[in-house]
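Here the structure is laid out as structure tokens; the discussion comes afterwards.
Readers should treat all values here as calculations from the given coordinates under stated rules, not as data from a laboratory. Quick caveat: nothing in here was measured; it's all calculated off a predicted structure. Every residue, glycine as well, gets a Cβ built from its backbone with ideal geometry; the counts of neighbours run over all protein chains shown.
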Amino acid sequence: MTVRIRLLGAFEVSVDGVTHTEQAWSRRQAASLVKALALAPRGRLHREQLIDRLWPHLHPETAAPRLHKAAHYARRVLGEGSVVLDRETVSLFPEDPPVADVHEFTERATAAVAATDPELAAEAADLYRGELLPDDRYVEWLEDERERLTR
């Protein structure tokens with residue numbers, strides 16, 4: 001299975017060539033769950049970290065049913081096995097880790113800066129197709145990451 005996630009300039013998830021855009025998500029929280037996991041290293045976050053990002057004003061026990069509901073709706077869009085809730089962690093496609101454009105951009109930009117190579121910098125710049133999740137401009141947990149990527 002091949003999973004590609006676009007977060008720069010727009011939100012799209014492609015699973016084996018089938019693309020799901022922002023409009024495919026009937027539940028905003030399901031899309032937010034996938035976005036948060038896609039930004040996380042290896043597509044995995046501790047359950048409480050994820051709850052704190054998505055429902056910061058709720059106690060973890062109160063937010064847990066919302067997490068389960070969001071995961072259910074995310075699986076309806078992306079298929080079984082796409083969002084897996086384990087004891088302590090929540091993972092995005094744990095069997096077939098997704099490739100997110102944000103991570104590709106970050107790796108190439110870091111390599112370009114380290115090598116001071118204009119050609120590598122141009123390759124990295126080509127991957128930057130716009131700001132991080134522009135439709136989520138006022139989502140608080142994205143602010144630091146958006147600023148870091150813009151720099």
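Considering the range 97-110, and only residues there that are in a helix (DSSP H, G or I) and of a type outside the set (V, I, T), the residue that is nearest to A40 (Cα to Cα) turns out to be H103.
Residues checked against (1) touching a helix residue (DSSP H, G or I) at 6+ places or on another chain (Cβ under 9 Å); (2) among the hydrophobic types (A, V, I, L, M, F, W, C):
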site	(1), (2)
A10	yes, yes
D16	no, no
E22	yes, no
R53	yes, no
L58	yes, yes
L67	yes, yes
V83	yes, yes
V99	no, yes
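Screening R42 on (1) in contact with a strand residue (DSSP E or B) (Cβ under 9 Å, 6 or more places away or on another chain); (2) in a helix (DSSP H, G or I); (3) exposed (fewer than 15 other Cβ atoms within 10 Å of the Cβ); (4) at negative phi shows it passes everything except condition (4). Which of the residues spanning the range 53-71 are in contact (Cβ under 8 Å) with a residue 12 or more places away in the chain and either outside any loop (DSSP other than H, G, I, E, B) or polar (S, T, N, Q) (or both)? If the condition is that a residue be in contact (Cβ under 8 Å) with a residue 12 or more places away in the chain and either outside any loop (DSSP other than H, G, I, E, B) or polar (S, T, N, Q) (or both), then R53, L54, P60, A63, A64, R66, L67, H68, K69, A70, A71 are the ones that fit. Scanning the range 89-105 for residues that are under 21 Å from Y73 (Cα atoms) and surrounded by 19 or more Cβ atoms within 10 Å (Cβ to Cβ) turns up V90, S91, L92, F93, P98, A100. For the range 76-96, the set of residues classified as under 16 Å from R28 (Cβ atoms) and either part of a helix (DSSP H, G or I) or out of contact with any strand residue (DSSP E or B) (no Cβ under 9 Å at 6 or more places or on another chain) (or both) consists of R76, V77, L78, listed by residue number. Using the structure shown, decide if R66 is surrounded by 15 or more Cβ atoms within 10 Å (Cβ to Cβ) and under 13 Å from the mean Cα position of the chain (by Cα). Spelling it out, it is not the case that R66 is surrounded by 15 or more Cβ atoms within 10 Å (Cβ to Cβ) and under 13 Å from the mean Cα position of the chain (by Cα).
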